[in-house]
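S.K.: The structure follows.
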Amino acid sequence: QVQLVESGGGLVQAGGSLRPSCAASGRTFSAYTMGWFRQAPGKEREFVAAIRWSFGSPAYADSVKGRFTISRDNAKNTLSLQMNSLKPEDTRIYYCAAGRGITDIRAGPYNYWGQGTQVTVSS
């Protein structure tokens, strides 16, 4: 079992930055592929970024590529998402997710999810 708790969301003006984080506890964090997803009210959850435990390049949605950077600290059991040049359309609830044995890190399946953190970008 893995428990995930997000923090660091908030309200920011367009063009600003935020850095939400995800604290993981439970089983060995370093063995899991970790990802960020986001969801707007009434819409499906969408992939944002993901990173494997120790090999391969991170993956990003086209809509955030070049603006967002995913990183992980296996020693501290934390996952972060540096979000720069934020746009009003980035306003979503952002979720941290974890999974093992994932071939396609954009699609999952991810077995564990956090409760989400709200990111709001004003124009």
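S.K.: Using each residue's phi in the stretch 31-40, evaluate 6.51 cos²θ - 1.76 cosθ + 1.60 at θ = phi - 60° and report the 3J(HN,Hα) Karplus result to the nearest Hz, with x for Gly and Pro.
M.R.: Listing the rounded values in order: 7, 9, 6, 10, x, 10, 10, 9, 8, 9 Hz.
S.K.: In whole Å, how far is the Cα centre of the stretch 72-123 from that of the stretch 29-58?
M.R.: If you average the Cα positions of each part, the centres end up 5 Å apart.
S.K.: Now, a different point. Taking Cα pairs under 8 Å and at least six residues apart, what relative contact order does the stretch 10-65 come out at, in percent?
M.R.: This gives 23 percent for the stretch 10-65.
S.K.: Could you list which residues have their amide H under 5 Å from that of Arg92, counting only those 5 or more apart in sequence or on another chain, with H placed in the peptide plane?
M.R.: Distant-sequence amide H within range of Arg92: Val119.
S.K.: What ³J(HN,Hα) values, in whole Hz, does the Karplus curve 6.51 cos²θ - 1.76 cosθ + 1.60 give for the stretch 103-120 when θ = phi - 60°, with x put for Gly and Pro?
M.R.: 7, 9, 6, 6, 9, x, x, 9, 8, 10, 9, x, 8, x, 9, 7, 10, 10
S.K.: Considering only protein heavy atoms, what per residue accessible area in square angstrom results for the chain with a 1.4 angstrom probe?
M.R.: 51
S.K.: Would you mind counting up the charge near Ala14? Only other residues with Cβ under 10 Å from its Cβ, with Lys and Arg at +1 and Asp and Glu at -1.
M.R.: Neighbourhood net charge equals -1.
S.K.: With θ set to phi - 60°, apply the Karplus curve 6.51 cos²θ - 1.76 cosθ + 1.60 along the stretch 89-95 and write out the HN-Hα couplings as whole Hz, x wherever there is a Gly or Pro.
M.R.: 3J(HN,Hα) across the stretch 89-95, in whole Hz: 6, 7, 5, 6, 8, 9, 10.
S.K.: What do you get for GluC sites (Glu not before Pro) in the stretch 1-67 restricted to DSSP loop and a cutoff of at most 10 other Cβ within 10 Å of the site's Cβ?
M.R.: Passing both the DSSP loop test and the Cβ count: Glu44.
S.K.: Relative contact order, percent, of the chain when contacts are C-alpha pairs under 8 Å separated by at least 6 residues?
M.R.: 35
The values are calculated or read from the model by the stated rules, or taken from the named source; none is laboratory data. Please read these numbers as outputs of a predicted model, since none were measured by experiment. Note that each Cβ is placed from the backbone with ideal geometry, even for glycine, and that neighbours are counted across all protein chains shown. Side chains included, ligands, DNA and RNA excluded: accessible areas come from the protein's heavy atoms. Shrake-Rupley method; radii C 1.70, N 1.55, O 1.52, S 1.80 Å.
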